[in-house]
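A short write-up of the structure that comes next.
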């Protein structure tokens with residue numbers, strides 16, 4: 001059933017091929033602009049607290065890969081709050097599937113698949129790929145994907161307990177914004193926050209650092225944090241669903 | 001008559017946006033997060049470069065970001081996409097029935113929507129700036145930045161309508177939105193002061209209209225007392241309005257041919 005859901009979601013995104021490629025191309029232009037920004041920045045500033053142009057491009061490759069998979073393949077992860085707040089889950093609850101995996105796989109965003117493609121190409125061009133670095137890039141990206149999905153599900157599920165989904169939207173914008181910058185430019189309480197309640201540093205900066213300099217302790221912490229956020233997302237959604245009130249809206253979610 | 005519908009469109013939009021407290025709070029929260037992040041990045045860059053980058057010290061860079069982000073965050077981020085959808089779906093045909101020009105009414109409404117958000121962002125940015133790096137480097141520059149922010153928004157709205165008008169021909173302005181947004185980010189100096197660019201690129205960027213949309217108020221608030229920049233903004237506002245009028249006039253004629 002879940003496999004059929006994934007197939008259906010991809011077929012829907014691929015149905016209009018001209019639009020699909022237009023969206024993928026537009027996202028590539030979007031990502032290229034960020035690369036241009038970092039090249040201009042590091043043309044003037046050689047190194048910022050241990051981050052040079054190579055390491056920041058590696059960070060950006062991991063971020064676009066992670067965000068591309070989460071927002072492209074698990075596209076509903078960022079919409080959960082709105083779906084819950086507006087009572088749009090009825091159609092899912094009537095199906096013989098577990099609601100959370102089905103919801104996450106139900107929708108594919110073509111534009112964000114462009115991010116996945118761009119991330120891979122950027123890593124190939126600027127990440128000095130070797131068998132070991134490719135493995136670390138893939139494994140680190142998977143950890144980032146699990147963590148970001150868990151975080152978005154957690155903040156989105158807060159809508160079951162109150163509000164109209166703003167927490168999910170704010171959490172989404174905040175974590176992606178902060179994940180795109182070298183974590184060491186922040187200090188004190190802000191830096192602590194980026195490793196804990198708003199784990200932006202763990203989405204891309206830590207995996208990128210692991211590709212450059214593997215460290216067992218840091219890898220263990222990343223894996224542990226990913227597992228904790230995955231569990232937190234599942235628990236918040238499951239508990240929240242018990243409080244769900246139908247909006248009598250029959251949508252495809 | 002013309003002055004009356006412009007005033008009504010602006011004041012109605014101001015009232016509508018001001019009444020949306022939740023939306024204003026989200027705008028402010030997002031603005032503070034962006035300014036805090038970019039100011040931290042540029043402060044680290046200044047520290048790594050011996051105290052200043054391209055003539056801007058850490059305080060000047062922080063105030064630069066306060067203004068450059070206020071001029072862009074205050075705007076409806078999906079404006080081009082929204083206009084494109086209205087054109088592509090034919091919904092804009094209904095607006096042609098009103099006894100007021102479609103473009104003028106839409107632009108006046110967008111200015112009205114942006115003004116309350118601009119006021120909130122500037123207030124939030126001022127508090128953040130004073131608390132972290134002290135007052136703006138120049139009081140005269142700060143005074144000039146106020147009209148520059150309003151002109152920046154007007155230029156941006158006019159340019160977005162000109163870009164979105166492409167939907168009369170291609171029926172979907174989403175890709176135009178992506179391209180436009182990134183031009184403002186980089187060529188407009190929103191993320192990075194134009195002086196940081198290599199000399200050849202600076203010359204190109206300074207000849208483009210995007211600097212009127214973010215760089216000019218940011219440059220003034222960072223301490224530069226250059227009133228001629230306001231004249232440059234006024235020039236680009238006239239050009240961009242004329243361009244938007246030309247695109248919409250041609251597009252509306254085409255829309256009638258298609259049938260709406």
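The values are calculated or read from the model by the stated rules, or taken from the named source; none is laboratory data. Computed from a prediction, not measured in an experiment: that's the story for all the values here. All Cβ positions, glycine included, derive from the backbone under ideal geometry; neighbour counts span all protein chains shown.
Okay, here's what the table says:
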{"read-out": "Residue match in the range B:24-31 (condition: out of contact with any helix residue (DSSP H, G or I) (no Cβ under 6 Å at 6 or more places or on another chain) and either outside any helix (DSSP H, G or I) or more than 8 Å from chain A (Cβ to nearest Cβ) (or both))", "value": "yes"}
{"read-out": "Given (1) more than 22 Å from the chain's Cα centre (by Cα); (2) more than 9 Å from chain B (Cβ to nearest Cβ); (3) buried (at least 19 other Cβ atoms within 10 Å of the Cβ), number of the condition residue A:52 does not satisfy", "value": "(3)"}
{"read-out": "Given (1) within 11 Å of chain B (Cβ to nearest Cβ); (2) within 18 Å of the chain's Cα centre (by Cα), number of the condition residue A:186 does not satisfy", "value": "(2)"}
{"read-out": "Meets criteria (modelled with pLDDT of 85 or more, in a helix (DSSP H, G or I) and surrounded by 20 or more Cβ atoms within 10 Å (Cβ to Cβ)) for residue B:114", "value": "yes"}
{"read-out": "From A:28, A:11, A:36, A:4, residue being closer than 19 Å to residue A:109 by Cβ, assigned to a helix (DSSP H, G or I) and free of Cβ contacts under 8 Å to residues at least 12 places away in the same chain", "value": "A:11"}
{"read-out": "Which numbered condition residue B:25 fails, given (1) more than 18 Å from the chain's Cα centre (by Cα); (2) at pLDDT 90 or above", "value": "(2)"}
{"read-out": "The listed residue being crowded, with 22+ Cβ neighbours inside 10 Å, more than 14 Å from chain A (Cβ to nearest Cβ) and either closer than 27 Å to residue A:43 by Cβ or modelled with pLDDT of 95 or more (or both), out of B:187, B:164, B:218, B:140", "value": "B:218"}
{"read-out": "Tally, over the range B:195-229, of residues that are in contact (Cβ under 8 Å) with a residue 24 or more places away in the chain, in a helix (DSSP H, G or I) and more than 15 Å from residue B:150 (Cβ to Cβ)", "value": "7"}
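So that you can scan it fast, the table gives a plain yes or no per residue for (1) without any contact (Cβ under 8 Å) to a residue 40 or more places away in the chain; (2) more than 23 Å from residue A:148 (Cβ to Cβ); (3) within 11 Å of chain B (Cβ to nearest Cβ):
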| position | (1), (2), (3) |
| --- | --- |
| A:15 | yes, yes, no |
| A:23 | no, no, yes |
| A:91 | no, yes, no |
| A:103 | no, no, no |
